[in-house]
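What follows is one structure encoded as structure tokens, with my remarks underneath.
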Amino acid sequence: MKVANFSSQGLGDGLIALMLSYNLYLNGYEVDTFHNSLDQMQSYFPNLPIKKYPRLDDIEKIIKNYDQIFISYNEGSTFIQKLIKEGKKTKASKVFVLNPCPSRKVGSQPFYKDAFFDPNLCMVENIENFSKNILKLKKISKKIDLSIPKNLTFKKFSRRIIIHPSSAKKSKNYSIDKYLQLAKVLKDKNFEPVFVISEKERAEYKMIKDLGFNLKAFDNLKDLTGFVYESSFMIGNDSGIGHLASLLGLSTITIFRNHRSAKLWRPGWSQNKIVFPNKFIPNLSLYRLRDKHWNAFISFGKIANYFLLELG
């Protein structure tokens with residue numbers, strides 16, 4: 001059976017989509033995963049073809065050529081919305097729309113019943129349950145079989161700690177000043193904190209290097225993956241690099257702005273600690289104290305202590 005799996009465009013979204021593709025592959029399906037940047041990592045996933053999104057005009061051909069189609073819901077994508085509309089119209093029983101939601105109103109979002117994602121479970125566990133309970137696949141795996149380049153050594157740099165200070169949305173970013181204070185604590189403990197960013201973010205985070213901390217910028221996911229694989233630990237915002245580190249086997253600490261997002265979107269492959277503001281801090285709709293000022297309720301010392309406890 002030939003399957004198309006259309007992922008949302010974040011790195012974490014893509015890796016979670018690849019877990020679904022891998023479970024389908026284990027059960028004899030021929031799967032194409034669609035994502036616009038993960039093809040840079042294709043060599044790590046030799047059994048899982050990764051393709052860029054096709055043109056809008058190709059939707060009719062996609063629906064015709066694939067026996068099943070999995071679509072990560074994206075309200076803002078014209079392509080995804082048209083694919084869902086046409087797919088559900090002509091092949092409804094073979095089109096699954098995956099729409100996870102951390103809200104208390106879970107169940108009311110479009111196409112919830114296609115996957116029944118549980119907001120109290122991380123996405124790795126949700127994909128596992130979806131594969132088992134909805135798709136009825138016989139072979140299920142949380143892990144993805146990776147092809148690691150022979151020149152790389154897992155955790156080669158035992159003191160190197162990755163800090164990822166950015167994310168897809170500014171509102172999800174922990175305070176850069178607190179990250180710098182955290183890095184100083186780690187440095188004083190003889191660790192090597194390295195701030196990891198994309199090449200296009202270099203100017204924005206120039207102050208990190210100016211203050212004497214290591215700053216590493218990447219312009220492709222393949223090189224980033226190799227760097228993460230040889231590091232020892234990952235600390236960062238709710239972002240794709242946390243999921244990548246977890247998939248590669250690193251323990252992680254992920255900082256979230258609220259507990260609901262933390263439960264659903266935490267990295268789920270390796271040991272992960274989630275940090276978020278106390279959910280009992282007032283968050284009345286008129287003021288949104290916790291949502292607007294969540295950074296103020298998480299100290300860098302708390303994260304440093306979690307890190308040192310994780311290392312035992």
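The values are calculated or read from the model by the stated rules, or taken from the named source; none is laboratory data. A quick note: this is a predicted structure, and the numbers were derived from the prediction, not measured. For neighbour counting, all protein chains shown are included, and Cβ atoms are generated from backbone atoms with ideal geometry for every residue, glycine included.
Tabulated values for the structure
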| read-out | value |
| --- | --- |
| Positions within region 160-174 being in contact (Cβ under 8 Å) with a residue 24 or more places away in the chain and surrounded by fewer than 15 Cβ atoms within 10 Å (Cβ to Cβ), in sequence order | Ser171 |
| Only one of Lys187, Lys216, Lys178, Lys209 that is outside any helix (DSSP H, G or I), among the basic types (Lys, Arg) and either crowded, with 23+ Cβ neighbours inside 10 Å or modelled with pLDDT of 95 or more (or both) | Lys216 |
| Unmet criterion (only one of (1) crowded, with 22+ Cβ neighbours inside 10 Å; (2) free of Cβ contacts under 8 Å to residues at least 60 places away in the same chain; (3) outside any helix (DSSP H, G or I)) for Ser21 | (3) |
| Residue in region 219-239 that is farthest from Trp269 (Cα to Cα), counting only those that are assigned to a loop (DSSP other than H, G, I, E, B) and charged (D, E, K, R) | Asp219 |
| Restricting region 105-126 to residues that are assigned to a loop (DSSP other than H, G, I, E, B) and of a type in the set (D, E, K, R), the residue that is farthest from Leu24 (Cα to Cα) | Lys105 |
| Which listed residue is under 16 Å from Ile134 (Cβ atoms), surrounded by fewer than 18 Cβ atoms within 10 Å (Cβ to Cβ) and of a type in the set (A, V, I, L, M, F, W, C), from Phe96, Phe116 | Phe116 |
| Test for Asn129: is it surrounded by 13 or more Cβ atoms within 10 Å (Cβ to Cβ), of a type in the set (S, T, N, Q) and in a helix (DSSP H, G or I) | yes |
| Test: residue in region 91-101 that is among the small types (Gly, Ala, Ser), closer than 21 Å to Ala4 by Cβ, part of a helix (DSSP H, G or I) and touching a residue at least 60 places away in the same chain (Cβ under 8 Å) | no |
| Test for Ile71: is it of a type in the set (Val, Ile, Thr), surrounded by 15 or more Cβ atoms within 10 Å (Cβ to Cβ) and part of a helix (DSSP H, G or I) | no |
| Qualifying residue in region 70-88 (condition: out of contact with any Ser or Thr (no Cβ under 8 Å at 6 or more places or on another chain), at pLDDT below 95, more than 20 Å from Gly14 (Cα to Cα) and among the small types (Gly, Ala, Ser)) | no |
| Whichever residue in region 190-206 is of a type outside the set (A, V, I, L, M, F, W, C) and within 12 Å of His164 (Cα to Cα) and, among such residues, is surrounded by the most Cβ atoms within 10 Å (Cβ to Cβ) | Pro193 |
| Test result for Ile62, at pLDDT 95 or above and touching an Asp or Glu at 6+ places or on another chain (Cβ under 6 Å) | no |
| Check on Lys156, surrounded by fewer than 16 Cβ atoms within 10 Å (Cβ to Cβ) and in contact (Cβ under 8 Å) with a residue 60 or more places away in the chain | yes |
| Test for Asn36: is it touching a Ser or Thr at 6+ places or on another chain (Cβ under 7 Å) and either in the same structural domain as Leu224 (by TED's automatic domain parsing) or part of a loop (DSSP other than H, G, I, E, B) (or both) | no |
| Which listed residue, of Met19, Met41, Met123, is touching a Pro at 6+ places or on another chain (Cβ under 7 Å), modelled with pLDDT of 95 or more and not aromatic (Phe, Trp, Tyr) | Met123 |
| Selected residue [assigned to a helix (DSSP H, G or I), surrounded by fewer than 22 Cβ atoms within 10 Å (Cβ to Cβ) and modelled with pLDDT under 95] from Asn295, Asn283, Asn278 | Asn295 |
| Members of region 39-48 found to be loosely packed, with under 15 Cβ neighbours inside 10 Å and either assigned to a helix (DSSP H, G or I) or in contact with a strand residue (DSSP E or B) (Cβ under 8 Å, 6 or more places away or on another chain) (or both), listed by number | Ser43 |
